[in-house]
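Here's the structure we're looking at; comments come further down.
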Amino acid sequence: MYKHLIILRIITSVLILFITRTINGQALSSGQIDSLIAKTMTTMPLAGIAVAVVKDGKVIHSKGYGVTSAKTKEKTDENTLFAIASNSKAFTATALGILVDEGKLTWHDKVVDYIPEFKMYDPYVTANFNIQDLLTHRSGLGLGAGDLMFFPDGANFTIKDVAKSFQYQKQTSAFRTKFDYDNLLYIIAGEVIARVSGMSWSDFVETRIMKPLGMERSIGIYQNLKEKKNAASGHSVVKDELKIVAPVTEPIIGAAGGIYASVNDLSKWMLMHLNNGKYGEGNKLQLISTENHNELWKPHTNLGFTVVPQSPNKTHFRAYGLGWFLNDQNGFVIASHTGGLPGMLSKITLVPELNLGVVVLTNTDPGGYSFQSISQSIVDSYLGLKKTDYITRYSKIIKENQSKGDSVTNAVWATVKAAKADKLKLESFTGTFRDNWFGDVKITLKDGQLWFASLRSPKLSGKMSYYKANSFAIHWDYQDMECDAFAIFSLDEEGNATGIHMKGVSPNIDFSFDFQDLDFHKVVNP
């Protein structure tokens with residue numbers, strides 16, 4: 001029996017070695033990655049891309065392509081800084097893991113023990129909301145709830161505003177039962193780090209994570225960017241032309257999406273994770289314990305499971321850990337995350353069993369979804385999956401979505417153009433209106449035209465044009481992202497406005513523009 005067990009182990013080891021060598025033999029070479037990116041950049045308008053691949057403890061590819069700015073034409077390289085957006089969330093989770101290692105908190109500590117002003121929509125949820133709940137997107141709030149507090153850039157909301165906002169937001173599912181992606185709770189997680197450690201979230205991440213790993217150019221928030229040279233500018237695509245968009249400079253978003261990093265620096269970040277928290281020469285140093293690193297990659301929130309996978313990637317499960325999405329592909333567990341801010345997109349993918357990491361950073365949205373297509377093409381080559389033309393697939397999806405979105409928005413503005421508002425008493429729609437978490441907005445008359453202005457988020461200001469019935473379409477002064485919105489008024493028996501509900505005009509609007517969560521009531525004595 002013992003001999004049979006030894007023979008079985010030998011056979012298993014040989015098979016694993018054979019499979020690994022077979023997969024490695026199919027891996028894209030550095031030259032093939034160059035060709036893949038060249039094809040991507042000719043498919044759709046794209047300013048710049050940076051890509052790095054780590055394998056078996058070494059960086060085997062690290063390059064930049066294109067330009068950091070369509071204006072300056074500065075070349076992108078492996079040290080170019082990009083906003084990595086939500087890939088910052090894994091840094092926040094790792095920072096908390098470090099504090100757990102040091103005995104300064106536990107994963108199951110209650111949030112109110114560190115932030116007494118934190119208040120959810122229900123007393124029970126407030127009392128039982130723990131540190132891990134901040135990271136797992138299962139709060140009971142809806143997708144992107146409250147993101148208008150920092151989208152678009154330039155609002156004046158504080159950490160205290162965020163902590164108190166949840167009590168006014170709408171519960172859409174039972175606590176800890178359903179995944180709905182959330183940014184604000186990661187901001188609260190960053191504040192926990194600040195109050196426990198005695199330093200700001202960005203200082204903690206820069207000194208306790210980036211510095212030890214040798215991430216010399218990376219920073220936690222835009223304000224810490226001392227040298228603008230070789231820092232990518234974000235771009236949007238307008239009528240097949242690149243348009244530079246303003247960076248997001250709100251320090252409040254740091255823990256949810258504030259980091260600027262290069263693929264060279266992120267290679268060191270990936271190598272640490274692939275070594276279960278170890279780093280340095282001979283991996284003799286430990287950034288985060290193996291136990292708490294495992295906690296990051298443990299499925300905490302279920303996103304889906306099937307016994308018999310139908311996808312070509314043979315995926316059985318999808319879940320969320322702590323700052324990482326988790327799934328399986330062709331028998332291998334994948335830890336990954338994407339990130340998106342105006343004009344910036346990113347993806348990091350780790351395959352621990354293959355000791356493989358891939359990072360793709362771009363400074364164009366949508367950019368052919370190159371952050372997805374390039375990442376998946378490289379990873380597929382290691383997984384031994386059938387070659388897929390992701391560039392063409394994503395290009396088709398983008399064009400179809402844009403076409404559908406344009407048909408909706410064009411119809412709305414055509415209706416606006418033809419609408420007659422002659423009989424409306426526009427004065428009856430004016431006044432100050434208040435939402436409990438977003439604050440006050442003013443509806444005023446300017447030269448016979450209604451105008452919307454948020455007092456706390458100045459970029460949300462724009463002309464209101466009559467649409468139908470008691471609704472108006474708002475064309476914002478801010479146009480870096482497609483986010484025009486409807487304002488639907490509630491009226492009293494005399495036809496005077498008493499409240500406003502809102503929703504986005506385009507079906508392609510980013511989920512962070514959560515206008516649908518606003519509930520304005522007219523303020524009698526503002």
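The values are calculated or read from the model by the stated rules, or taken from the named source; none is laboratory data. Bear in mind the structure is a predicted one, so any value in this text is a computation, not a measurement. Quick reminder, even Gly has a Cβ in these numbers, built from the backbone with ideal geometry, and neighbours come from all protein chains shown. With ligands, DNA and RNA removed, areas are computed over all heavy atoms of the protein, side chains included. Shrake-Rupley method; radii C 1.70, N 1.55, O 1.52, S 1.80 Å.
Report yes if some residue within segment 214-235 is over 29 Å from residue 370 (Cα atoms) and modelled with pLDDT of 95 or more; otherwise report no. No, segment 214-235 contains no residue that is over 29 Å from residue 370 (Cα atoms) and modelled with pLDDT of 95 or more. Of everything in segment 381-396 that is surrounded by 15 or more Cβ atoms within 10 Å (Cβ to Cβ) and within 25 Å of the chain's Cα centre (by Cα), the residue that is nearest to residue 40 (Cα to Cα) is 391. Taken over segment 49-65, the criterion of being small (Gly, Ala, Ser) and surrounded by fewer than 22 Cβ atoms within 10 Å (Cβ to Cβ) is satisfied by 57, 62.
The set of residues in segment 63-89 that are under 25 Å from residue 202 (Cβ atoms) and either of a type in the set (Ser, Thr, Tyr) or modelled with pLDDT under 95 (or both) comprises 68, 69, 76, 80, 86, 88.
Beta carbons closer than 6 Å, at least 6 apart along the sequence or on distinct chains, pair a first residue in segment 194-213 that is in contact (Cβ under 8 Å) with a residue 12 or more places away in the chain with a second that is not hydroxyl-bearing (Ser, Thr, Tyr) and not in a helix (DSSP H, G or I) for 196/104; 196/105; 202/220; 202/221; 205/220; 206/220. Considering segment 218-306, the qualifying helices (runs of 4 or more DSSP H), each wholly inside and each with 2 or more residues that are out of contact with any helix residue (DSSP H, G or I) (no Cβ under 6 Å at 6 or more places or on another chain) and open to solvent by less than 50 Å² (accessible area, probe 1.4 Å), run over 263-274, 290-296. A count restricted to segment 343-371 and to residues that are outside any helix (DSSP H, G or I) and modelled with pLDDT of 95 or more stands at 19. Of everything in segment 145-190 that's open to solvent by 10 Å² or more (accessible area, probe 1.4 Å) and touching a Leu at 6+ places or on another chain (Cβ under 6 Å), which residue is nearest to residue 86 (Cα to Cα)? The qualifying residue nearest to residue 86 (Cα to Cα) is 181. Could you check, for segment 401-420, whether at least one of its residues is buried (at least 20 other Cβ atoms within 10 Å of the Cβ), touching a Phe, Trp or Tyr at 6+ places or on another chain (Cβ under 7 Å) and of a type outside the set (D, E, K, R)? Among the residues of segment 401-420, not one is buried (at least 20 other Cβ atoms within 10 Å of the Cβ), touching a Phe, Trp or Tyr at 6+ places or on another chain (Cβ under 7 Å) and of a type outside the set (D, E, K, R), which makes the answer no. Within segment 95-108, is there a residue that is buried (at least 22 other Cβ atoms within 10 Å of the Cβ), assigned to a loop (DSSP other than H, G, I, E, B) and either of a type in the set (Lys, Arg) or at pLDDT 95 or above (or both)? Looking for residues that are buried (at least 22 other Cβ atoms within 10 Å of the Cβ), assigned to a loop (DSSP other than H, G, I, E, B) and either of a type in the set (Lys, Arg) or at pLDDT 95 or above (or both), one finds none in segment 95-108, hence no.
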